[in-house]
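The values are calculated or read from the model by the stated rules, or taken from the named source; none is laboratory data. On a predicted model such as this, the values are computed, not experimentally measured, just so you know. Note: ideal-geometry Cβ built from the backbone for every residue, glycine included; neighbour counts use all protein chains shown.
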Amino acid sequence: MSETRRHGIGRRHFLYGAAAVAAGVMGTGCTPEDLTKSSDSGGMPVIAIDAQRRSFKVSSYMTGVNGAKWYDDAYGMWDSKHNRPAPGIVGKIKKSGVGMIRYPGGTSSNLFNWKGAIGPQEDRTRQVEGQKGEPVDSRFGPDEYMAFIRQVGATPEIMAPFANSTPDEIADWVAYMNAPQGTKWGDLRARNGHPEPYGVRYWEIDNELFGTHQRYWMSADDDKAMRQYAFGGTQRQKHQRVGTPTDHRPAASVSNGQPHQTFTVRYPPVVPKSQIVRVGDTTWHEVTDLSSAGAGDRVYTFDPGNGRIRFGDGRHGEVPRKGLKITADYDSGPHAGFVDYYTKMKAVDPSIEVLAVWAPIEAGKLAGGKSFPELLDEHGHADKYDGMAIHPYTNFSRDLKATRFPDKRAGHDYQMLGDAAAAKMVADLTALVQKHGKEGAYVAVSECGALFFGKNQGAEEYREYSYAMSHALYMASQWARFADLGVRWTTGNGLIEEKPGLSRTLFGGAPSFVRTPEAIVREQLSDFFHDGGHVVDSKVKSNAEVSTRETPLGSSYEALVTNATVDKNGTLSVLVVNRSPDDDVKSRVDLGGVRHAGTVDVAVVAGRPSISRITISNPRPLSYARTTRTTKHGGPSSTCSVSPIRTGSRCAPTWSTTVRSPGRVRMTCSPLPPPNQGSKSCSWPIPPPWRITRHSPRTAFSACDRISMYHMYRWSKA
């Protein structure tokens, strides 16, 4: 028997409905009176589900998040004074269904020194921030991160830096996190207050070294840099400002005129005798011992192992004049490559999964030329990575050649156009890994989102785009597509913004930690991704198309994106995202040959894309209301009631269901017309031998317009 579900997916509605495989299913939504079109073909979109065609396991880590920053107490998430999470943040992260948190973050963490971030706070070192080169603190170290992870119930994922580390140092980190007591690093962890191993399974080696501004010691040539990432090497550095081990800012390369000054080159080790050191425009010379130098000798000592430059005191070697900058040319290396890191890390703990990150993107697609999987396969190292991590951002400047949003509508459309392109990047990388990698190698997404890189120049017409409903719809579309592609885990956007900001994050800054629409959608989808089971086949036939202005990524996009899963208990869940900024999309859900046993669980998040946003000054603009559906226990009939919600538009919730087995029963509920927005009850027979066997509440929160409570029932034969 087949059961068809009709529903109107409301304007900007984000719908997640669950139905048991094997007796009635309810739909929700709204259908405006003036709705006349469903798709370009004139036919109603059909969401076709085939629950028998199962593919990938559902990942509970799909809605993970990038920790983004560790310093400044992780932007105020950590209370370093009391050594605990800041008040209020734990509950909000749990509520938002965050399954994984990446640490220590992305670009800012490219030069992170983990050994300087453990032990007593007073013994910890400063760190070099990977983008600005400024010194930052180490208060939120690996142990604090794991304490935070355990409180919020998420899974850890670590981005281990490449540019300033060695395979032995990162293998030591694996041992510190995972080795038992009775070993060097397990005993140190125990002395630091954590006797039990943390068991961190997921690791990736660096962030975006393929980016032109994140090469550090590596070549500016893309192919050469990829080979250096894979196998290591040496690279000439020219006219590079020196600094200190914890400060790479330009000011750190300037002489203060004091005796005994020391500096370091940025990326040691250095090939001996390859360095040229200049003070101002003058080349100085290396000596083995300053004690034999004269007062006016322009000399220095140099340690190629750590790159330290030491100048004299005015009696033995001239003091560099105050205000002069110090630069160096040198051969940085030899450095190890990814294969060396992988080998050392897996030797410490074979159970971990180590991912490579060389997956460059250009103009809305995976970059051409030889790929990292092809390179390793060519050199006989196809087995030396467990997977690839990709950052399939929608970059408005790069992908759509946009210098600005012409208006809010364009800000919404550009994200939806970018969604499909981002999914294709992941699909193309997956194909390469499957072709050239070992069996079981997979693709993960360790960063994603939609943005103008930099400080959002160009977003003036829609500054709130990254924390409005538009971006929540973009992310929901990404998760649906990634699940279909078998992505193992995703850590998208940032967890928190610096105080009191709110941009491309789940939460605003401390102390309020305002939840964005994306956080609310994550909460809605928590059960979808956390109940286990498998992705099943789903597609939208005769999908409605949304027209846009001409762009390099096309001039239209699909209104509906869908996904479906069957959990370990046999419950079918259907996710539908309506991205249209203007129209309700009336659709039909066809469950094929599924005979379903009567669960009812519908959650809706709705809001207009350009206004459904949170602000720091007004953190609670949400209008909460409750919709309930109840059924009397026992008897040949039951009653349902709907408490409809006004959303400020002309449409209000309607729903209907058809139960075809056994017997043929139809039930429809709809709200009373305004202004009497009350509830309306209706009854339908439940033919024997069916009865209610379980009831549990489910809650979904809206991004702007409403909060709805639904109840779920499972029906079975008596």
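Name the one entry in LYS424, LYS408 that is within 21 Å of GLU558 (Cβ to Cβ), modelled with pLDDT of 95 or more and surrounded by fewer than 21 Cβ atoms within 10 Å (Cβ to Cβ). Reasoning before the result, please.
On the way: LYS408 fails: modelled with pLDDT of 95 or more.
So the residue among LYS424, LYS408 that is within 21 Å of GLU558 (Cβ to Cβ), modelled with pLDDT of 95 or more and surrounded by fewer than 21 Cβ atoms within 10 Å (Cβ to Cβ) is LYS424.
Exactly one of these conditions fails for TYR462: (1) at pLDDT 95 or above; (2) in contact with a helix residue (DSSP H, G or I) (Cβ under 6 Å, 6 or more places away or on another chain). Give me its number.
TYR462 satisfies every listed condition except (1).
If you go through the stretch 312-326 one residue at a time, do you hit one that is surrounded by 18 or more Cβ atoms within 10 Å (Cβ to Cβ), under 30 Å from VAL287 (Cβ atoms), β-branched (Val, Ile, Thr) and at pLDDT 95 or above?
Yes.
Within the stretch 131-145, can you find the residues that are hydrophobic (A, V, I, L, M, F, W, C) and closer than 11 Å to ARG84 by Cα?
Initially, the stretch 131-145 is screened for residues hydrophobic (A, V, I, L, M, F, W, C), giving 136, 140.
If the condition is that a residue be hydrophobic (A, V, I, L, M, F, W, C) and closer than 11 Å to ARG84 by Cα, then PHE140 is the only one that fits.
Quick one: what pairs do we get from the stretch 560-586, first residue modelled with pLDDT under 85, second charged (D, E, K, R), C-beta under 6 Å, 6+ apart or different chains?
That search, which allows pairs on different chains as well, returns ASP584/ARG11.
Pull out all pairs, ordered by first then second residue, where Cβ-Cβ is under 6 Å, the residues are six or more apart or on different chains, the first lies in the stretch 395-414 and is within 10 Å of THR551 (Cα to Cα), and the second is basic (Lys, Arg).
Taking only residues 6 or more apart or on different chains, not a single pair turns up.
Kindly indicate whether GLY368 is assigned to a loop (DSSP other than H, G, I, E, B), out of contact with any Asp or Glu (no Cβ under 9 Å at 6 or more places or on another chain), surrounded by fewer than 21 Cβ atoms within 10 Å (Cβ to Cβ) and not acidic (Asp, Glu).
On the way: assigned to a loop (DSSP other than H, G, I, E, B): yes; out of contact with any Asp or Glu (no Cβ under 9 Å at 6 or more places or on another chain): no; surrounded by fewer than 21 Cβ atoms within 10 Å (Cβ to Cβ): yes; not acidic (Asp, Glu): yes.
Spelling it out, it is not the case that GLY368 is assigned to a loop (DSSP other than H, G, I, E, B), out of contact with any Asp or Glu (no Cβ under 9 Å at 6 or more places or on another chain), surrounded by fewer than 21 Cβ atoms within 10 Å (Cβ to Cβ) and not acidic (Asp, Glu).
Looking at GLN434, GLN415, can you tell me which residue is among the polar types (S, T, N, Q) and either under 17 Å from the mean Cα position of the chain (by Cα) or modelled with pLDDT under 95 (or both)?
After applying the criteria, what remains is GLN415.
Considering only the stretch 181-188, I want to know if a residue exists there that is of a type in the set (Ser, Thr, Tyr) and surrounded by fewer than 18 Cβ atoms within 10 Å (Cβ to Cβ). Even if it seems obvious, please write down each step before you answer.
Taking the stretch 181-188 and keeping what is of a type in the set (Ser, Thr, Tyr), we get 183.
Still in the list and also surrounded by fewer than 18 Cβ atoms within 10 Å (Cβ to Cβ): 183.
Looking for residues that are of a type in the set (Ser, Thr, Tyr) and surrounded by fewer than 18 Cβ atoms within 10 Å (Cβ to Cβ), one finds at least one in the stretch 181-188, hence yes.
Residues to consider are ILE118, ILE93; find the one that is buried (at least 18 other Cβ atoms within 10 Å of the Cβ), at negative phi and under 20 Å from the mean Cα position of the chain (by Cα).
Values: ILE118 fails: under 20 Å from the mean Cα position of the chain (by Cα).
Among ILE118, ILE93, only ILE93 is buried (at least 18 other Cβ atoms within 10 Å of the Cβ), at negative phi and under 20 Å from the mean Cα position of the chain (by Cα).
Read through the list (1) buried (at least 18 other Cβ atoms within 10 Å of the Cβ); (2) within 30 Å of ILE170 (Cβ to Cβ), then give the number of the only condition that TYR300 fails.
Tallying (1) buried (at least 18 other Cβ atoms within 10 Å of the Cβ); (2) within 30 Å of ILE170 (Cβ to Cβ), TYR300 fails exactly one: (2).
Could you look through the stretch 528-578, keep only residues that are basic (Lys, Arg) and closer than 14 Å to VAL589 by Cα, and pick out the one that is surrounded by the fewest Cβ atoms within 10 Å (Cβ to Cβ)? Before the answer, list the steps.
So the first thing to find is which residues in the stretch 528-578 are basic (Lys, Arg), and the list is 539, 541, 549, 568.
Adding the requirement that they be closer than 14 Å to VAL589 by Cα leaves 539, 541.
Details: LYS539: 13, LYS541: 15.
Top of the filtered list is LYS539.
Inside the stretch 18-73, can you point out the residues that are of a type in the set (Lys, Arg) and either in the same structural domain as ASN110 (by TED's automatic domain parsing) or modelled with pLDDT of 50 or more (or both)? Break it down into steps so the answer makes sense when it comes.
Step one: list which residues in the stretch 18-73 are of a type in the set (Lys, Arg), which gives 37, 53-54, 57, 69.
Within the stretch 18-73, ARG53, ARG54, LYS57, LYS69 qualify.
Given the structure, is THR244 of a type in the set (S, T, N, Q) and in contact with a strand residue (DSSP E or B) (Cβ under 7 Å, 6 or more places away or on another chain)?
Criteria met by THR244.
Find the strands (runs of 3 or more DSSP E) located wholly in the stretch 476-592 whose residues include 2 or more that are under 19 Å from the mean Cα position of the chain (by Cα), of a type in the set (Val, Ile, Thr) and in the same structural domain as LYS94 (by TED's automatic domain parsing), and list them. Show your work before the answer.
Numbers: elements: 491-496, 505-507, 534-541, 545-551, 554-558, 560-566, 571-578, 585-590.
Fully inside the stretch 476-592 and qualifying: 491-496.
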